Amino acid sequence: THFGTGNYHPITARIYTDLALFTADQAVGRDAGRLFNFITGYRDMPATGPQFEKIHMSPISLESHLISLIKAAAKNAKAGKPAGIWAKLNSLADPDVIDALYEASQAGVPIDLVVRGICCLRAGIKGLSETITVKGIVGRFLEHSRIIVFANGEPLPNPNAQLFISSADWMPRKLKRRVEALVPV
């Protein structure tokens with residue numbers, strides 16, 4: 001099964017750099033089948049949407065899972081455990097995700113973001129986002145990949161960290177209105 005962080009348009013592929021995951025993980029393969037059945041309408045889905053084993057899909061579960069991972073990092077920080085979030089995105093504009101990041105920052109979670117385009121989060125504000133750093137990328141080739149890492153109760157980097165690639169930026173149209181995927185690596 002193949003999942004990627006971008007599209008396959010022949011023109012934009014010349015200037016965008018993306019990441020791809022090829023996997024023989026059968027659960028991820030079954031999830032890919034469920035995703036395609038959902039978007040093509042070839043199969044009736046439960047009222048709550050397709051039930052995935054490993055991936056998360058917007059608009060059904062991607063945003064809520066992402067927020068639960070951010071809250072788990074905050075819980076670890078409050079408990080005195082190591083915590084951290086690293087993310088590389090194109091855009092950060094979703095108010096629910098931004099609020100969760102602010103709460104995680106207030107709990108003491110170090111959050112390092114690389115955002116190529118629009119970023120509506122205000123980093124480095126005392127009492128709000130002082131543990132958040134945001135860097136931008138500008139270059140000849142447009143960084144298009146989305147990579148997210150959660151420390152998972154250990155100092156980053158660590159072999160037990162939760163690592164994901166995604167086709168979704170953290171913006172309302174991607175998390176609430178489009179079909180996008182978050183895939184564990």
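Beta bridges per DSSP, both residues in segment 1-120: antiparallel share near 35 percent. For residue 24 and residue 154, a Förster radius of 30 Å and the Cβ-Cβ distance give a FRET efficiency of 0.65, rounded to the nearest 0.05.
Each label was represented as a point 7 Å from its Cα along the Cα-to-Cβ direction; for residue 40 and residue 163 these points are 3.2 nm apart.
Bridge orientation summary for segment 43-185: considering DSSP beta bridges with both residues in this region, about 55 percent are antiparallel. Free of any GluC sites (Glu not before Pro) that DSSP assigns to a loop and that have at most 14 other C-beta atoms within 10 Å, the longest stretch within the chain is 54-129.
Computing semi-axes √(5λ) of the Cα gyration tensor in Å for the structure here picks out one of (1) 37, 22, 14; (2) 27, 20, 16; (3) 30, 18, 16, namely (2). Heavy-atom accessible surface of the chain, averaged per residue, reaches 53 Å², computed with a 1.4 Å probe. State the percentage of accessible surface on the chain attributable to carbon and sulfur atoms; use a 1.4 Å probe and exclude ligands, DNA and RNA. The value for the chain is 55 percent carbon and sulfur by accessible area. Judged by the gyration tensor of its Cα atoms, with axes a ≥ b ≥ c, segment 110-185 is rounded; a/c sits under the 1.5 cut.
Alpha carbon centre of segment 165-179 versus segment 92-111: separation in Å? Using only Cα atoms to place each centre, the spacing works out to 17 Å. Longest stretch of the chain clear of exposed loop sites (chymotrypsin sites (Phe, Trp or Tyr not before Pro), DSSP loop, at most 12 other Cβ atoms within 10 Å, sites excluded): 43-140.
The values are calculated or read from the model by the stated rules, or taken from the named source; none is laboratory data. Nothing here was measured: the structure is a model prediction, and the numbers come from that model. Ideal geometry is used to build each Cβ from the backbone, glycine not excepted, and the neighbour counts take in all protein chains shown. When the accessible area is computed, the model is the full protein with side chains, heavy atoms only, and any ligands, DNA or RNA have been set aside. Shrake-Rupley method; radii C 1.70, N 1.55, O 1.52, S 1.80 Å.
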